[in-house]
Amino acid sequence: MKKTGDDYFDSEEFRNTLDEYEESVKSGHPLFMDADDLADIADYYHFMGKEKKADETIDYALSLYPNATLPNVFKAREALTTGDIDSAREYIAQIESKDDPEYHYMQAELLMAQDLVEEADTYLRQYFKTVPPDEYQDSVMDIANIFFDYGLNDKAYEWIMRSTGDDSNDFKELMARTLFGLGKFKDSERIFNELLDKDPYSKRYWNALASTQLMNDDISGAITSSEYAIAIDPDDPEGVLNKANALFRLGNFEEAIRYYDRYGEISGPDELSLLHKGSCLFNLRRTEEALAVLQQALTVCPRDSQTLVQIYQELAFCYSALRRLEESIHYIDETQDLDCDHIDMQVLKGHILLENGKRDEAEEVFKDAIKRSDEDPGIIIRIIVSLYDNQYVKAAYEMFKKFFSLIVDDQYDQGYSYLALCCCDLGYKEEFLKYLRIAVERNPHEAKTVLGHLFPEDMAVTDYYQYMYQKLRK
């Protein structure tokens, strides 16, 4: 039987229980099993994406034990995922043991599902006062996990800090994932490396490490980590997707497409993998193919998915590249009713108008975006970069000069790499060196992203200025 990556589901104890249950179902003679075991089996089916089997198992459990804790917890959580607060409340009320920690956790989740986060935290702190000392650590872990599951990483971290000391792998993993959620990627990576030192055959840890490395721009490290996960389980969808994403970030679009296709074969295509595959095809100038993939992404993308805006953007780029301006603008306009940065969308609209030779229309759109953003420097930089990308290099240069002299103070750290690039293209050697030095000192990440193609691939950003100074002086 295929490994799941979950320690309990992969244990011999659970596998024996699952085999007994499945054999009884196959024979048509349901086995009389403990309520908790049936709930575990339903959780396993849910974990594996077998929702029908999960529902059948939990319904059987409730037919035997209508007031048992875990089967009602399962149904309550299922209701909460669909936004059915009333049904969730009814299942929680059916729990007989009102002293069971799971009962209290579900009461808190009911509040979280209604965005009553502080009320949930207050409820759990009150409950925590009743927890016996020997259950203290387990309760801290349980509560932190709940907040983490709801994406409330700051609250999860607060509860983790209540720990009296725990060196278990479960505790370390929760800490690492919470730190990742808080954007502390280096700290998260360090802990996952510690976990892998103890358990080098955990594909879950390798995948988590790959994710942290992607966020730390360690692309080669992410590829290596994803390859370890794939070596452990060649059909592991997360490992395959991590490698695809890393190859995409590396610019190896042909190979990335192969892994996105492999991911689709394993898990079925989803909107995010199709979006990235479409982006790969667009970058390879296979624009018609990109359009077909992005239209497929639209068909599988839920209306409330954050990915929808990105799909519309990519479609707009594709149609613009094909000089089908009306269709391109249509997809930008489709974002008007979505939860996104509408000023950003306006800048994109201006960019596409400029790309299609509509300079006057683009100028009006850009002016309105600057006004609506209260002259936000980030928006102004995006507009100037659009000018550069559309070959208006001298205009971009002049706007950057005004921007740095009139709009921002002398401590501002963004945009200097682009000004240096303008100077390079225009042959202004002294100014190029001047702004290159500022860019490297103030914003090395931007310098590497914008100017890296001018330097040897493995060169450190700190060496850019000296290298270019010597090169231009020859």
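Throughout, read-outs are computed from the coordinates displayed, never taken from laboratory work. Everything numeric in this text was worked out from a predicted model, so none of it was measured. FYI the Cβ positions are ideal-geometry reconstructions off the backbone, even for glycines, and counts take in every protein chain you see.
Summary table below
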read-out: Among the residues listed as L348, L338, L353, the single one being over 23 Å from E288 (Cα atoms), among the hydrophobic types (A, V, I, L, M, F, W, C) and either out of contact with any Cys (no Cβ under 7 Å at 6 or more places or on another chain) or in contact (Cβ under 8 Å) with a residue 60 or more places away in the chain (or both); value: L338
read-out: Of all residues making up the stretch 432-467, the number that are aliphatic (A, V, I, L, M) and in contact with a Cys (Cβ under 9 Å, 6 or more places away or on another chain); value: 4
read-out: Selection status of G378, loosely packed, with under 15 Cβ neighbours inside 10 Å, in contact (Cβ under 8 Å) with a residue 24 or more places away in the chain and in a helix (DSSP H, G or I); value: yes
read-out: Hits in the stretch 325-341 - residues which are surrounded by 15 or more Cβ atoms within 10 Å (Cβ to Cβ) and of a type outside the set (D, E); value: L325, S328, I329, Y331, I332, T335, L338, C340
read-out: In the stretch 1-48, the residues that are in a helix (DSSP H, G or I) and acidic (D, E); value: E12, E13, D19, E20, E22, E23, D36, D37, D40, D43
read-out: Wholly within the stretch 383-474, helices (runs of 4 or more DSSP H) carrying at least 1 residues that are more than 33 Å from the chain's Cα centre (by Cα) and within 20 Å of A369 (Cα to Cα); value: 393-402
read-out: Tally of residues being surrounded by fewer than 18 Cβ atoms within 10 Å (Cβ to Cβ) and either touching a residue at least 60 places away in the same chain (Cβ under 8 Å) or small (G, A, S) (or both) across the stretch 295-320; value: 1
read-out: Number of the condition not met by A362 [criteria: (1) of a type in the set (G, A, S); (2) over 22 Å from A290 (Cα atoms); (3) within 28 Å of the chain's Cα centre (by Cα)]; value: (3)
read-out: Pairs with Cβ under 6 Å, 6+ apart, first in the stretch 57-71 and over 11 Å from D37 (Cβ atoms), second of a type outside the set (D, E) and in a loop (DSSP other than H, G, I, E, B); value: T69/I95; T69/S97
read-out: Single residue of the stretch 139-167 satisfying the filter (assigned to a loop (DSSP other than H, G, I, E, B) and hydroxyl-bearing (S, T, Y)) that is farthest from M106 (Cα to Cα); value: T164
read-out: Checking C340 against (1) in a helix (DSSP H, G or I); (2) touching a helix residue (DSSP H, G or I) at 6+ places or on another chain (Cβ under 8 Å), the condition it does not meet; value: (1)
read-out: Output for the stretch 37-54, where each listed residue is surrounded by 14 or more Cβ atoms within 10 Å (Cβ to Cβ) and closer than 17 Å to L70 by Cα; value: D37, L38, A39, D40, I41, A42, D43, Y44, Y45, H46, K53, A54
